[in-house]
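Visitor: Here's a structure for you.
Coordinate-derived values only; no laboratory data. Not measured: the values here are computed from a predicted model. Reconstructed Cβ throughout: ideal geometry from the backbone, glycine too, with neighbour counts over all protein chains shown.
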Amino acid sequence: MTTSAAEEWITAMHAADFERAWQISDRELRERAARAAAKHSGPRHLQQIWHGEPLAGARVLVRCYHGLGDTLQFIRFAAPLSRIAREVIVWCQPKLMGLVSRVAGVHRVLPLHDGVVEAEFDVDIEIMELPHALRITAAALDRDVPYLATPADPTREIKHALQVGVVWEAGEWNPRRSIPPSLFAPLAAISGVELHPLQPGAVIGGRVLRDLPSIDVLATRMAGLDLIVSVDTMAAHLAGALGFPVWTLLQADCDWRWGRVGDRSPWYPTMRLFRQVAPGDWSVPLLQLERALKACREQWCAHEHRNECSPRRLLP
């Protein structure tokens with residue numbers, strides 16, 4: 001896309017005006033066809049694979065060329081794709097193959113690598129192009145959540161404290177999304193709240209996670225908690241796609257998928273958003289999150305069936 005078209009598209013997506021975004025993408029498709037743009041040249045994350053070819057009745061190869069969180073967010077569209085395609089083959093990051101293989105509509109999963117995919121197909125498409133190709137509406141997003149499943153359904157014990165998992169680091173490519181672990185200390189000090197680190201390397205709530213062997217293990221750990229608190233990273237998408245309560249902390253100039261305002265996301269009905277007011281300043285969203293967590297704890301403590309009631313049922 002040209003810079004102006006990309007800005008127009010982002011503005012539409014910020015407003016969850018999907019139809020306007022697809023009109024802009026349609027225009028880009030026509031321009032791409034007119035200049036005979038190559039499909040598989042240049043950096044992967046900039047490649048636009050789908051050129052408008054029909055998906056109905058075809059063997060469709062879904063290429064996952066962006067981040068882990070992008071794959072988790074957009075793999076939900078495998079189900080509607082499978083309703084029109086003959087076969088859905090997903091070429092995804094090896095770390096996600098277990099989760100993706102359990103998604104409705106996925107027929108085959110292959111490990112992504114730098115070579116040529118070992119599969120025959122009729123049409124290929126990058127996973128983030130699926131909502132455009134399928135003309136998805138904002139109203140349709142939460143119909144199939146959760147669309148990911150853990151490898152096993154762990155036994156959840158009702159405890160006398162809220163069990164809260166914490167993810168504080170978003171990765172090196174955008175460090176502005178990360179939060180120093182020390183800033184979570186006020187949450188650890190809340191009576192009736194127990195924090196659990198979901199990343200190795202820092203002490204959270206008096207605990208440290210030594211190792212995290214796989215994303216499947218992370219998903220299983222999340223299943224045993226009442227709430228996930230995460231910065232904008234793969235873990236937030238994982239919790240949202242699993243249908244777990246997740247409170248996501250966003251930088252001031254956050255990504256288009258979270259909109260510009262509001263504390264809810266059309267992508268994940270169990271997610272609540274806490275936004276920076278000033279760039280680089282986490283004090284306001286962390287204070288709002290602390291107050292919300294205290295209110296949730298107090299509501300749970302006052303519940304007449306507290307000993308039989310999971311706090312998850314009371315999370316706003």
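Visitor: Across the stretch 72-99, what is the total count of residues that are among the aliphatic types (A, V, I, L, M), surrounded by fewer than 20 Cβ atoms within 10 Å (Cβ to Cβ) and under 16 Å from the mean Cα position of the chain (by Cα)?
Guide: 1
Rundown of residues vs (1) in contact (Cβ under 8 Å) with a residue 40 or more places away in the chain; (2) part of a loop (DSSP other than H, G, I, E, B); (3) among the hydrophobic types (A, V, I, L, M, F, W, C); (4) more than 23 Å from THR233 (Cα to Cα), yes/no style:
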position: PRO54; (1), (2), (3), (4): yes, yes, no, yes
position: TYR65; (1), (2), (3), (4): yes, yes, no, no
position: THR71; (1), (2), (3), (4): yes, no, no, no
position: ILE75; (1), (2), (3), (4): yes, no, yes, no
position: ALA85; (1), (2), (3), (4): no, yes, yes, yes
position: LYS95; (1), (2), (3), (4): yes, no, no, no
position: GLY98; (1), (2), (3), (4): yes, no, no, no
position: VAL103; (1), (2), (3), (4): yes, yes, yes, no
position: VAL106; (1), (2), (3), (4): no, yes, yes, yes
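Visitor: Return the pair list, or none, for Cβ contacts closer than 8 Å from residues in the stretch 111-125 that are over 19 Å from ALA85 (Cβ atoms) to residues that are exposed (fewer than 13 other Cβ atoms within 10 Å of the Cβ), at least 6 apart or on different chains.
Guide: Listed pairs, sorted by first residue: PRO111/PRO94; LEU112/PRO94.
Visitor: Exactly one condition in (1) buried (at least 16 other Cβ atoms within 10 Å of the Cβ); (2) within 29 Å of PRO94 (Cα to Cα); (3) of a type in the set (Phe, Trp, Tyr) is not met by TRP173; state its number.
Guide: (1)
Visitor: Is the stretch 27-50 home to any residue that is surrounded by 20 or more Cβ atoms within 10 Å (Cβ to Cβ) and touching a residue at least 40 places away in the same chain (Cβ under 8 Å)?
Guide: yes
Visitor: For the subset of the stretch 257-273 comprising residues that are surrounded by fewer than 15 Cβ atoms within 10 Å (Cβ to Cβ) and touching a residue at least 40 places away in the same chain (Cβ under 8 Å), which member is farthest from TYR147 (Cα to Cα)?
Guide: ARG260
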